[in-house]
Each structure stands twice: as C-alpha cells, then as structure tokens.
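Written out below as structure tokens is the structure these notes cover.
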Amino acid sequence: MSPRPDTDSLTLFPTRTGPDFTFEADLLSRGHSLVAGVDEVGRGPLAGPVVAAAVILEPDDIPQGLNDSKKLTAARREWLFEEILLRARSTSWAAVTAAEIDVINIRQATFKAMCNAVQALAMQPDRILIDGRDVPIELRDRGSAIVKGDAKSVSIAAASIVAKVMRDRMMTRACAEFPAYGFSRHAGYGTARHLAAIAAHGATPLHRLSFAPLRRD
C-alpha cells in the first residue's frame, strides 16, 4: 500500500486561515441582496464608550487583509479603515457613553450601539451577521450571531476594524482632555497605570462607575 499523501487531510478537512465571504455568499445565493456585518469594541474597559460598527461590503471589491481587529497592528487597522470607507457599499458606527452604560448596563448598551449602527447605514440590509452569541431583539428578524465572527466573516471583520479605529480615536482625544490617565495608551482598560491614576485623581466623567473597582456597593 502506498503511503497516504500529506495533502489528504487538508483536502478533506480544510483549515480556515482567516475570515472570508462564505457566510455572505450563502445568503446572497439565497436571494438576499444586502448583507451587513456588525461588531463592537469596548465592553471591558473601565472608561470610555462602547462602540459598534456596521459594514456592507461590495462583493466585487473587498479590501485585502481584513481580519479580527485585535490581530492587526494599529497602522494596518488605520489603512484598512480607509479602504473600507472607500470601497464598502455602506459603513456606519455608533457609541453609547459611560454614563448610559451605568444606567442600562453594558450588555444593553452594546445592543443599543449595534442597533444604532445598523440604523445609521445609508441602505438597510436584509440580513445581518453579528459577532458573538446574541442578537439584539430589534435585529432578530434579520440577524444571525456568529461566535468569533470577526475571524470567520470579512463583513464582521470590517466592522470590528471600523469600531476599533473609531473608539481608539475617541480615547486619544480623551487623553488630551485628561492627560493624567493615559487613555491613548490603554484605551480605558484596567491597566496598572490606569488604576494608579484613578487612585491618585479619582474618576472622570468618562469612567464607568458601575464597574469594579469604581463601583461603590
């Protein structure tokens, strides 16, 4: 018996090397005309908004190199951000502030940002691919959740890049207003430097007072 070719496993069980257009192509083949990807950034930080983005890509003009924003350098994200704005059919984003997060909780704030981003699109999609496990109630008639979707769908990956770039820019502006906190370095996450600044200077209007260690029970 001849030895099994090394390529058999790759042929029978192909591995995913990055996000692609498979989910979108399937929906388009079933008669849907516009498919949007949706993702959010900023659920975990102690300060700043949660930001969601929605992107409808042009199937024949998809920027090369789209991926989960966390896997890209800042320079690459910025370049792809401009390419998405230039080449996508429609792109939008929405933010929910720290103050509102404290009132409605981070889960509901994330859903609100996603819904607002979809509503802000110049054209309304008939199907929506959403990163994660949950679909906001307002989008359930059109939405599908994809776990780790930013690593599987280029539309979701594009949305993750837009959301990340917009939130980072917001936190850089916040750093100019509150320089003692270093927001441009950690984007509001609970790093040692950030926690030390909170201990020394207290909270700013950008801080989420419902999050530990800022929460006072």
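What is the residue count in region 81-97 for residues that are in a helix (DSSP H, G or I), aliphatic (A, V, I, L, M) and touching a helix residue (DSSP H, G or I) at 6+ places or on another chain (Cβ under 9 Å)?
So the answer is 2.
So Asp150 passes all but one of these: (1) part of a loop (DSSP other than H, G, I, E, B); (2) closer than 30 Å to Gln64 by Cα; (3) touching a residue at least 60 places away in the same chain (Cβ under 8 Å). Which condition number does it fail?
All conditions pass for Asp150, except number (1).
Please work out which one of (1) free of Cβ contacts under 8 Å to residues at least 60 places away in the same chain; (2) in contact with a Cys (Cβ under 9 Å, 6 or more places away or on another chain) is the condition Arg215 fails and give its number.
(2)
Scan region 200-214 and give yes if some residue there is within 16 Å of the chain's Cα centre (by Cα), outside any helix (DSSP H, G or I) and crowded, with 21+ Cβ neighbours inside 10 Å, otherwise no.
no
Within region 182-197, which residues are more than 19 Å from Arg43 (Cα to Cα) and surrounded by 17 or more Cβ atoms within 10 Å (Cβ to Cβ)?
Ala197
State whether one or more residues within region 57-70 are within 25 Å of Asp134 (Cα to Cα), surrounded by fewer than 23 Cβ atoms within 10 Å (Cβ to Cβ), touching a residue at least 12 places away in the same chain (Cβ under 8 Å) and of a type in the set (A, V, I, L, M).
no
Test of understanding: among Leu206, Leu195, which residue is more than 16 Å from Ser69 (Cβ to Cβ) and in contact with a strand residue (DSSP E or B) (Cβ under 9 Å, 6 or more places away or on another chain)? Please lay out each step first, then the result.
Working: Leu195 fails: in contact with a strand residue (DSSP E or B) (Cβ under 9 Å, 6 or more places away or on another chain).
From the options Leu206, Leu195, the qualifying one is Leu206.
So which residues in region 33-53 are closer than 30 Å to Gly182 by Cβ and small (Gly, Ala, Ser), if there are any at all?
Listed by number, the residues that qualify are Gly42, Gly44, Ala47, Gly48, Ala52, Ala53.
I'd like the residue in region 129-174 that is surrounded by fewer than 22 Cβ atoms within 10 Å (Cβ to Cβ) and among the basic types (Lys, Arg) and, out of all such residues, is nearest to Thr204 (Cα to Cα).
Arg173
Which count do you get for residues in region 33-56 that are in a loop (DSSP other than H, G, I, E, B) and either buried (at least 24 other Cβ atoms within 10 Å of the Cβ) or not basic (Lys, Arg) (or both)?
Pass one, region 33-56, residues in a loop (DSSP other than H, G, I, E, B): 33-34, 42-46, 48-49.
Cutting the leftovers down to either buried (at least 24 other Cβ atoms within 10 Å of the Cβ) or not basic (Lys, Arg) (or both) gives us 33-34, 42, 44-46, 48-49.
Within region 33-56, residues that are in a loop (DSSP other than H, G, I, E, B) and either buried (at least 24 other Cβ atoms within 10 Å of the Cβ) or not basic (Lys, Arg) (or both) number 8.
Could you please find all residues in region 109-133 being charged (D, E, K, R), assigned to a loop (DSSP other than H, G, I, E, B) and touching a residue at least 24 places away in the same chain (Cβ under 8 Å)?
Scanning region 109-133 gives a single hit, Asp126.
Filter region 82-96 down to residues that are surrounded by 15 or more Cβ atoms within 10 Å (Cβ to Cβ) and out of contact with any strand residue (DSSP E or B) (no Cβ under 9 Å at 6 or more places or on another chain), then give me how many there are.
Selection size over region 82-96: 2.
Can you say whether Glu78 is under 16 Å from the mean Cα position of the chain (by Cα), of a type in the set (Asp, Glu) and part of a helix (DSSP H, G or I), as far as the supplied structure shows?
Answer is yes for this residue.
Every number here is computed from the coordinates shown, using simple stated rules; none is lab data. Predicted model only: the values in this text are computed from it and were never measured. Neighbour counts are summed over all protein chains in view; Cβ atoms, including those assigned to glycine, are modelled from backbone coordinates with ideal geometry.
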